[in-house]
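One structure below.
The values are calculated or read from the model by the stated rules, or taken from the named source; none is laboratory data. All values derive from a computational prediction rather than experimental measurement. Cβ sites come from the backbone with ideal geometry, for glycine too, and all protein chains shown count toward neighbours. Calculation scope for accessible area: heavy atoms of the full protein, side chains included, ligands and nucleic acids excluded. Shrake-Rupley method; radii C 1.70, N 1.55, O 1.52, S 1.80 Å.
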Amino acid sequence: MKTIVLAAGQGTRLGELTQNLPKALVKVAGTPLIDYSLKFLDQQPSNQIIVVGGFAFPRLQQHLNGHAHVRLLE
């Protein structure tokens, strides 16, 4: 099974929090939002996780470098 995580949003409604940071990397309780999704998906019978990035793509790419099971698309 393949899972697609959409992480391309700029998050303009979050104001200053997302001027230079993709919404997926905004921290809640000290953890980036995307990490909550990836932690949940790690517990599911998915054989491939695809993350679609957009705004501030290099920052998302840098964050996901340590996740070998994630394929990142721009």
Residues whose placed amide H lies under 5 Å from that of V5, excluding near-sequence neighbours: I50, V51, V52
Phi to ³J(HN,Hα) by Karplus 6.51 cos²θ - 1.76 cosθ + 1.60 over the stretch 67-74, Hz, x for Gly, Pro: 9, 4, 8, 10, 9, 9, 10, 9
Estimated [θ] at 222 nm from DSSP helical runs (n ≥ 4, -39500 (n - 2.57)) normalised by residues in the chain, nearest 500: -7000 deg cm²/dmol
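Would you work out the charge dipole size for the chain about its Cα centre, treating the Cβ of every Lys and Arg as +1 and the Cβ of every Asp and Glu as -1, and quote it to the nearest 20 debye?
60 debye
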Solvent-accessible area per residue for the chain (1.4 angstrom probe, square angstrom): 67 Å²
Net charge of Cβ neighbours under 15 Å - reference H63; Lys, Arg +1; Asp, Glu -1: +3
